[in-house]
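Read through the structure below, which is laid out as structure tokens, and then see the notes.
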Amino acid sequence: MSKEKNPRRVAENEAMAKAKMLRTSPQKLNLVAALIRGKKVDKAIADLTFSKKRISQDVLKCLQSAIANAENNHGLDVDELVVAEAYCGKNITLKRGRPRARGRFGKIMKPFSELTITVRQKGETA
């Protein structure tokens, strides 16, 4: 009398990882995500390691998590993995502010974003 197993959200040759509440705007995060889209994972790791963007370390952690999910949870070969998708979206925005001249209030928006990375095994099943 147990519940049925949830269906997989990705294909059989794919694995996914999400990073939420990243302290940067989605526009800046998308610049780093575009850097690794479609690349082999070892090249993507090298690019993120030597990137000068601050958020690239968080993207690297998410990519390594996706690789670990592929290897441990789904039994995929790490040497054949390619970054299939890397996309980001908006999360919450903290509203802050400071007083300005003549009694006004200057809005300061502090956006958060989230990142989803999907890796796919290339090889005989393409």
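Being out of contact with any helix residue (DSSP H, G or I) (no Cβ under 9 Å at 6 or more places or on another chain), without any contact (Cβ under 8 Å) to a residue 24 or more places away in the chain, surrounded by 11 or more Cβ atoms within 10 Å (Cβ to Cβ) and not aromatic (Phe, Trp, Tyr): is that true of Ala34 here? Taking the combined requirement at face value, the residue does not satisfy it.
Within the range 1-11, the residues that satisfy the criterion of being exposed (fewer than 11 other Cβ atoms within 10 Å of the Cβ) and not small (Gly, Ala, Ser) are Met1, Lys3, Glu4, Lys5, Asn6, Pro7, Arg9. When you check Val83 against the structure, is it among the aliphatic types (A, V, I, L, M), surrounded by 12 or more Cβ atoms within 10 Å (Cβ to Cβ) and without any contact (Cβ under 8 Å) to a residue 60 or more places away in the chain, yes or no? Here the answer is yes, as Val83 does meet what is asked. For Arg102, are the conditions met, namely being more than 25 Å from Ala11 (Cα to Cα), assigned to a helix (DSSP H, G or I) and not hydrophobic (A, V, I, L, M, F, W, C)? It is true that Arg102 is more than 25 Å from Ala11 (Cα to Cα), assigned to a helix (DSSP H, G or I) and not hydrophobic (A, V, I, L, M, F, W, C). Counting only residues that are surrounded by fewer than 15 Cβ atoms within 10 Å (Cβ to Cβ) and under 30 Å from Val41 (Cα atoms), the range 92-121 holds 1 of them. Return yes when Glu71 is closer than 26 Å to Glu14 by Cα, part of a strand (DSSP E or B), modelled with pLDDT of 95 or more and not polar (S, T, N, Q) and no when it is not. Against the criterion (closer than 26 Å to Glu14 by Cα, part of a strand (DSSP E or B), modelled with pLDDT of 95 or more and not polar (S, T, N, Q)), Glu71 does not qualify. The C-beta contact set for the range 1-14 (first residue of a type outside the set (Gly, Ala, Ser), second residue part of a loop (DSSP other than H, G, I, E, B), distance under 6 angstrom, 6+ apart or interchain) comprises Asn13/Thr125. Name the residues in the range 48-76 that are farther than 16 Å from Ala17 by Cα and crowded, with 16+ Cβ neighbours inside 10 Å, would you? Of everything in the range 48-76, those that are farther than 16 Å from Ala17 by Cα and crowded, with 16+ Cβ neighbours inside 10 Å turn out to be Leu48, Ser51, Ile55. For the structure I just gave you, tell me whether Lys18 is surrounded by fewer than 18 Cβ atoms within 10 Å (Cβ to Cβ), out of contact with any Pro (no Cβ under 6 Å at 6 or more places or on another chain), farther than 30 Å from Met109 by Cα and in contact (Cβ under 8 Å) with a residue 12 or more places away in the chain. Answer is no for this residue. Residues that are of a type outside the set (A, V, I, L, M), touching a residue at least 12 places away in the same chain (Cβ under 8 Å) and part of a helix (DSSP H, G or I) were ranked within the range 43-68; the one that is nearest to Glu85 (Cα to Cα) is Cys62. Taken over the range 75-99, the criterion of being in a strand (DSSP E or B) and within 20 Å of Leu48 (Cβ to Cβ) is satisfied by Leu81, Val82, Val83, Ala84, Glu85, Ala86, Tyr87, Cys88, Gly89.
The values are calculated or read from the model by the stated rules, or taken from the named source; none is laboratory data. Fair warning: this is a prediction, and the values are worked out from it, not measured in the lab. Here Cβ is always computed from backbone atoms with ideal geometry, including for glycine, and neighbour counts include all displayed protein chains.
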